[in-house]
Amino acid sequence: MPDRGTGTIARWIEFPKRNSIFAATRDGVVEIQKDGSMATMSPNPATSIAQSPATGLIGAVGSTVERWDGHKFVPLFYQVLHPRWLQATYSSGSPIDIAIDSRNFWFVLYNHGVLAILDSKFQFVNILDVEDGIPQTAQRLLAVPGTDDVFIGSTSEGVVTVRASE
């Protein structure tokens, strides 16, 4: 690895079509080829990367939320439309993890147990937080292949399961 920013891999996914892996690093999303060569696919610092178990759709989060368009990562922008959050002055900061379920719904986890859900067209569906049962110490998401379930792991409050509703 050329430096610590690239060498600090938070998560990675295999990308068999390109015979490589995509890795979420502090220097952005990098593609690492079988021969060890690397290319930066996104310059935005990334904390996590995920792939839909059903369709192969790829998303990354960190300083932004991005999706793989087949050639590069492009930012996703969404507006939170939830009465409780429209009046809030709370800023959730940068996302820390992502999961994509079998219907291509995106689950984007922020600090302090805030979970945004986007549909398969990248439109805002819902936002859940501690009041909805999301652990305040939530750290990791895992989409269960073949289902619409997403597990949320926390550092001290156990595991909960969520499912997007249309």
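The values are calculated or read from the model by the stated rules, or taken from the named source; none is laboratory data. Just so you know, these numbers come straight off a predicted model, no measurement behind them. FYI the Cβ positions are ideal-geometry reconstructions off the backbone, even for glycines, and counts take in every protein chain you see.
Scanning the stretch 10-37 for residues that are in a strand (DSSP E or B), over 13 Å from residue 60 (Cα atoms) and at pLDDT below 90 yields a count of 1. Across the stretch 54-74, the qualifying residues are those that are among the hydrophobic types (A, V, I, L, M, F, W, C), closer than 15 Å to residue 13 by Cβ and touching a strand residue (DSSP E or B) at 6+ places or on another chain (Cβ under 8 Å), and the one among them that is surrounded by the most Cβ atoms within 10 Å (Cβ to Cβ) is 60. Identification of strands (runs of 3 or more DSSP E) wholly contained in the stretch 110-166 with 3 or more residues that are in contact with a Pro (Cβ under 9 Å, 6 or more places away or on another chain) and at negative phi yields 149-154. One residue stands out in the stretch 134-166 among those that are more than 21 Å from residue 53 (Cα to Cα), surrounded by 14 or more Cβ atoms within 10 Å (Cβ to Cβ) and small (Gly, Ala, Ser): the one that is farthest from the chain's Cα centre (by Cα), namely 154.
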